[in-house]
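To keep things clear, I will list the structure first and then write my remarks on it.
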């Protein structure tokens with residue numbers, strides 16, 4: 001083999017492997033470190049003394065974790081469903097070749113540009129009964145208007161859903177609109193020749209085609225939902241009381257506020273572990289899909 | 001003839017020799033981490049820095065925007081990275097906890113030379129000497145259990161002076177409620193909720209507060225004073241505006257001044273907030289919060305500088321210089337006039353022009369409480385216990401305040417359980 | 001007639017939603033031209049009682065953070081200095097990774113892709129202390145390069161995900177033909193893949209730029225003093241314990257800080273949609 005050929009074979013390897021390796025190492029090493037720390041007695045600083053399962057049992061027994069974990073399911077479920085639903089609705093509406101599409105698209109997309117802290121702060125003003133929309137309505141004369149979810153123990157988590165949906169539904173809309181646009185026009189024409197109305201066309205023809213996009217949107221929305229932190233802190237501060245706290249808030253609280261690195265790491269590990277609920281079915285689905293096409 | 005130990009001699013000479021030998025050689029330098037990036041606290045740090053540079057030092061203050069947790073994060077990161085600041089802001093039992101994780105400077109000699117220990121409240125001395133040696137120096141103090149009464153609201157219900165006991169407070173609150181005024185103007189975030197409860201307890205019985213909160217004595221935690229504090233706190237929560245949940249008290253300041261809200265139980269920094277919001281001292285009446293046995297109670301909050309060991313001579317010189325400024329009599333006028341806090345040294349002359357009447361009253365209260373042994377340390381502001389224990393207790397208190405389905409007995413039980421879990 | 005009613009209904013719905021999306025922006029815009037006293041007296045939602053334009057100039061160049069009274073302007077440039085290299089690097093590496101994973105198959109590439117993608121889900125709180133240790137060992141603590149490194153490595157997870165999903169839709173015949181012609185790894189990348197990439201590259205650039213620009217936790221912990229990014233300055237303006245909230249200046253600062261990302265979405269919005277179309281179909 002000539003020198004040139006050997007170089008041609010090696011060079012790609014030199015270029016492919018380093019970034020992939022660094023990326024994999026980063027993910028694996030950081031996760032492993034967190035798992036390791038969760039089994040130690042670390043408080044203010046990481047220390048490497050064994051603590052067994054103590055941190056896990058302590059976190060599982062704490063009210064903070066119970067409320068946060070329940071909230072995670074409520075929040076993720078509502079957030080993903082609503083964001084997806086609104087995104088789909090907006091995408092379908094814009095897809096109707098209306099005038100001013102650019103303007104609408106920009107209006108729906110811009111919230112993505114805003115940081116979570118700002119979103120949480122501004123929505124905190126808007127939804128506060130004494131400072132925001134309710135007060136405005138009262139001042140304008142509509143005194144029976146009530147929107148007190150922000151201060152209601154049971155409903156506070158849904159205010160976070162509102163702010164989260166506001167921020168992310170533009171992203172869902174963009175992805176779904178792109179998907180709608182990429183549907184084969186022949187399919188569309190065939191459906192029209194068959195005489196089906198708009199609704200049926202969508203249901204029978206178009207949605208199944210963009211099925212994979214739904215999955216992709218869901219994955220991205222899920223990672224938004226799991227990592228939600230700044231939004232909660234800025235909007236409700238986890239309150240009233242502990243009612244709207246989420247696992248990332250608990251992780252940060254225990255790790256850094258209370259100086260209990262090990263407990264916080266245990267909470268982080270449990271948070272990531274609950275991802276398995278979603279990732280494993282997704283992995284199975286993809287493998288099944290690949291097999292069924294092969 | 002007194003025996004001078006050899007070690008003491010060496011230590012003494014080391015402490016004294018260092019400035020002499022090095023002062024001509026290096027410029028004292030100090031890197032400081034704090035959370036005071038803006039507002040009056042930020043301005044006070046700037047003034048402190050100017051004084052430091054006036055005395056020939058190089059001042060590098062690196063404030064971390066955010067709250068104390070972000071500052072502690074940065075501090076932690078610097079320590080892990082092997083580059084601790086020369087001085088950092090810390091307070092309460094955290095001083096003891098943090099002093100164990102990295103080497104800190106032993107300030108005993110410097111403090112003794114300045115005769116500082118005698119003029120500092122005993123509680124602060126105890127916090128600054130966690131293992132028997134001075135490792136931190138207090139900068140300023142605040143009184144947590146202050147009561148602010150809106151003048152307009154007071155006029156509406158015909159009240160002219162502050163309530164002295166909780167019974168009087170409750171009576172005034174009822175009157176205000178009947179007149180359509182929100183009696184309590186506090187906010188609804190964690191430390192505010194904790195404060196409402198602790199002010200209630202220290203007014204009911206400072207001894208019970210000391211035993212239950214500062215010593216975590218189980219019997220007192222289960223006792224009648226704590227239960228009474230929960231009951232009073234339930235009243236305070238019911239008298240607050242629902243919209244304050246999750247908010248600081250500051251957005252509601254205009255309503256307080258206008259007379260729509262009546263009384264604020266807050267640390268005395270609120271006076272500074274009123275001033276910077278453009279309101280006058282005549283808009284409100286300020287004084288100590290109710291104390292049921294009529295005697296003075298002082299709920300203390302203070303900030304300190306801790307000094308981390310650095311091998312470089314310029315940092316060591318800088319730490320000495322900073323220590324001298326902080327311990328000196330001029331820190332009061334320099335720092336506290338800007339922040340509105342109380343100078344730590346009990347021999348500070350507060351009749352100087354820059355101090356407000358409220359500062360004088362609070363400082364006098366601190367002095368009297370010091371003499372009578374009725375100073376307690378704030379729970380909600382991380383003075384009484386480490387952050388870990390404090391957070392567990394505040395979890396219970398903040399849930400209690402925002403959930404009126406929790407009875408006072410249930411709240412007390414949860415508090416006892418929480419303390420047991422973290423003890 | 002039916003058609004026109006339909007159109008009307010569509011527009012009405014869209015306008016209703018648009019209002020929902022625009023209200024927060026409107027509130028911030030209004031507050032940025034009100035004086036803080038006005039907001040403190042009349043509430044955070046309301047029309048200005050007299051326009052105040054100084055909020056913008058004050059916050060930009062005069063506001064005092066620590067002992068530097070130069071407003072948020074220096075922090076703005078710091079952010080730019082950090083975000084631009086990080087975005088470019090993470091996009092480039094993501095494209096390379098995506099290319100490698102989708103078009104140069106090797107054993108275990110599915111696993112590698114899975115692990116890299118998993119990085120997308122890691123919450124930032126748990127990565128903080130490990131990054132401190134890594135940066136310390138690399139001697140990059142408290143430097144902008146350190147921050148760039150952190151964001152690049154974290155960003156690779158996203159950019160690889162986007163690019164790889166996009167590249168798998170490149171027709172394999174194109175590649176076969178090129179290989180028959182004797183093109184190697186780089187020639188194919190340069191001549192075939194890269195020219196097809198602009199849609200997805202724009203998506204990754206927009207995504208990374210926004211994500212890194214708005215990031216707060218690492219920006220504050222891994223930088224110091226006047227080298228901090230703009231998110232730190234924003235927090236300095238709003239987090240107060242012993243001071244009255246400065247809503248007017250806060251709103252002006254928020255608008256100025258969000259201007260770059262808003263502009264990015266304003267001008268890049270259509271490409272965002274186009275790029276996502278191709279990238280997400282798998």
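Please treat every number below as a calculation from the coordinates, not as lab data. Note that this is a predicted model, so its numbers are computed, not measured. For neighbour counting, all protein chains shown are included, and Cβ atoms are generated from backbone atoms with ideal geometry for every residue, glycine included.
Numbers below:
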| quantity | calculated |
| --- | --- |
| Chain lengthening between residue A:138 and residue A:2 when straightened (0.36 nm per residue, less Cα-Cα) | 40.6 nm |
| Set of region B:179-202 residues, backbone N closer than 18 Å to the point 7 Å along the Cα-Cβ line of residue B:155 | B:179-182 |
| Two-site label geometry, residue A:194 and residue B:131: point separation in nm, points 7 Å out along Cα→Cβ | 7.9 nm |
| Value of Rg to Rh for the protein assembly as shown (Rh from inverse mean 1/r over Cα pairs, i.e. Kirkwood) | 0.99 |
| Region C:2-62 shape via C-alpha gyration tensor axes, a/c threshold 1.5 | prolate |
| FRET efficiency for residue A:203 and residue A:147, using Cβ-Cβ distance with R0 set to 30 Å, rounded to 0.05 | 0.30 |
| Candidates A:272, A:14, A:88: whichever shows maximal mean-square fluctuation once chain A is modelled as a Gaussian network with Cα springs under 10 Å | A:14 |
| Shielding by partners - mean other protein chain Cβ count within 10 Å, residues of A:97-109 | 5 |
| Where only alpha carbons of region A:151-264 are counted, the Rg and the Dmax (Å) | 20.7, 67 |
| Gain upon complete extension [residue B:26, residue B:119; 0.36 nm per residue less C-alpha separation] | 30.3 nm |
| Residues of region C:146-163 with amide N under 15 Å of the 7 Å Cα→Cβ point at residue C:81 | C:146-149 |
| Cα long-axis angle, helix B:387-402 against chain B (0 to 90 degrees, to the nearest 10) | 20 degrees |
| Inter-chain Cβ neighbour average for residues A:220-228, partner chain, 10 Å | 3 |
| Fewest-first sequence of C:63, A:48, A:282 by Cβ atoms within 10 Å of each Cβ | A:48, A:282, C:63 |
| Beta bridge orientation in the protein assembly as shown: antiparallel %, DSSP, nearest 5 | 60 percent |
| Among beta bridges that DSSP assigns inside chain B, antiparallel share in %, nearest 5 | 60 percent |
| Theoretical FRET efficiency, 1/(1+(r/R0)^6), r = Cβ-Cβ of residue C:169 and residue C:29, R0 41 Å, to 0.05 | 0.50 |
| Exposure proxy ranking, count of Cβ atoms within 10 Å, fewest first, for B:263, A:137 | A:137, B:263 |
| Shape of chain B, Cα gyration tensor, a/c cut at 1.5 | prolate |
| Diffusion coefficient, µm² s⁻¹, Stokes-Einstein with Kirkwood Rh over alpha-carbon pairs of region C:155-199 at 20 °C and 1.002 mPa s | 190 µm²/s |
| Degrees between helix B:224-238 axis and first principal axis of chain B (Cα, 0 to 90, nearest 10) | 70 degrees |
| Area projected by the alpha carbon convex hull of region A:63-286, averaged over all directions, nm² | 15.5 nm² |
| For the protein assembly as shown, calculated [θ]222 nm from helices alone, where every DSSP H run of n ≥ 4 adds -39500 (n - 2.57) | -19500 deg cm²/dmol |
| With Cα atoms, 0 to 90° folded angle of helix B:313-327 axis to chain B main axis | 40 degrees |
| Stretch gain in nm, segment residue C:57-residue C:16, where the contour uses 0.36 nm per residue and the Cα spacing is subtracted | 11.3 nm |
| Cα pair count fraction exceeding 25 Å, expressed as % - region B:159-304 | 27 percent |
| Distance from region B:378-393 to region A:92-155 (C-alpha centre basis), Å | 37 Å |
| Residues B:330, B:117, B:51, B:123, sorted so that the one with the fewest Cβ neighbours within 10 Å comes first | B:330, B:117, B:51, B:123 |
| Three-way shape label, region A:1-160, alpha-carbon gyration tensor, a/c 1.5 | oblate |
| Neighbouring partner chain Cβ atoms per residue of B:294-302, average, 10 Å criterion | 0 |
